[in-house]
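Where a number appears in this text, it was derived from the coordinates with a stated rule and is not lab data. In this text, all values refer to a predicted model and were calculated from it rather than measured experimentally. We place every Cβ from the backbone using ideal geometry, glycine too, and count neighbours over all the protein chains shown.
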Amino acid sequence: MPNQPLDLQLSLLRGESPCPINLSRLGRPGSMRMKTQTKAAISDRLAVRLLMLIASRRLPSGSRLPPERHIAEALSVSRGRVRAALDRLKTEGYLESVQGSGTRVADSNSTQSLEHLTAAHMANLRDLEEICVELDRWALTRAVLQGTREQIEKVIALLTSVPCPARLPDREVELRLAIADASGSETFRLLIGHLVRGLEGYFWRDAPGGYTASARRQLRAASSRLARALQARDLPAVETIMAARAALLRERSGCTASRHAPVDLETDLLNDLLVSHPDHLRNRLAREIAAMMARQRLKPGERIMSERQLADVFGVSRMTVREALAQLKEQGFVSRHARSGTHAEEAVDASEALSLQELSRQSYRNFSDLCSLRHFLETWSATRAAVTASEEDLADMRRILSEMRRPIAAARRKIDLDLQLHLTITRASGSAVNLYITEVLRDAISAYFDFTLTELFVDPGSNELLLSQHEDIVRAILARDPEGARGAMTRHLEMFRNRFEQACGPAAPWDSALH
């Protein structure tokens, strides 16, 4: 895979290879552009899904893969696409063909590819652990302050039910999705939905062997305490117990996974490859189809794409499309006929088609949510960049600042340079998780820069003030001063927040609890 290790880490998080952000062009002269994400080929998504299973040791070295035909039938795809995925991984050294024994995961002692893959996966897990602690706190705060009774009860049900040991990691992901729903934040809900693959890898590391009987008892006890605190809407107790619970989960990261003997994992592997969290994927796909219908302004009675066409467009199996269409039928958005296919039943409400950019523009709450997330991540990036930035990263920051100091007449160019500097600092942090979140939020972040730099900073002296603050941030990073970089970025972002609140009104009650 190109541009390792960041591209490899990003692929594991995305579940596919294409990158909307051109990492190699950050900091270079020219207009900043973030590419539109295109749907990856099914063979690419299958290859990356296999990589995740190998990286997380759910598919250990020496394990035999099912025959191509079985994988193709399980995924409702052609054998050619399966063969293309397997051939790609063989070429890159992750798989090997063994005469008379089919396709197996390569021996870790015979190739460096598996070593690089494991290192990329573990780097993602370390960053997910650090970032998700803050995301958990943020979402739980919102859930306690404004989650509905039904939403809180769903979270409590997940905390108090006792799954089998093998299901514990999946339960943790389901819990985060439920907390995201209870937060009431569309921005956060969509972000967590995109992070599902990374969360799966995080909670599945060394599992189920990483969960001892003692650890499971402690986790159940912490979950029960958290459920009681949520029931009482006791925010301080929720934050304290969630932090203690997170510490129990982190203890597994010090465990060394046991060596697995080569095994035939056909049944388990096919289940893993089909879909993780099918309810979540089905809900997301239904929303994407509804969004497509809204963009096309389909009128009642108009025919939408066939199942096969939708499967190709969204890169999923026809079975998943069929289940998503059934959900839309229950909601009254489509009707299905044996002969004429699927038709729009009623105009899809605009809220069903909201992109992250549109969500941010829809209300103060959504824009404020984006500010809170962005401010945490930008400060985290600057602090990390002061330690991890390469000489190339530092040269790019100097180059952007040099251009910022020149007279710039075009407003678009000023916005591009500002965005480019922040993205370069994000890249310099060396965190694929951080870059991936930036990818997910790219439309909303672009809208954020457009709004703030064209509406909030138009008074005389704004250019000099912004330049001075950017110079402070870069100066601290160049000096390898993490605390200085943190302080400079915090002052910069607080200025944006203050101006936004002056223009749009005071912060919402939950914002004060988040800072």
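A few points about this structure:
- Stokes-Einstein D in µm²/s, Kirkwood radius over Cα pairs - the stretch 124-254 at 25 °C with 0.890 mPa s viscosity: 168 µm²/s
- Once the C-beta distance of M122 and C164 is scaled by a Förster radius of 22 Å, the resulting FRET efficiency is 0.25 to the nearest 0.05.
- With N the number of residues in the stretch 384-491, Rg(Cα) / (2.2 N^0.38 Å) evaluates to 1.05.
- Highest mean packing comes first when the peptides 142-150, 334-342 are listed by Cβ atoms within 10 Å, giving 142-150, 334-342.
- For the stretch 210-239 and the stretch 412-463, distance of Cα centres in Å: 38 Å
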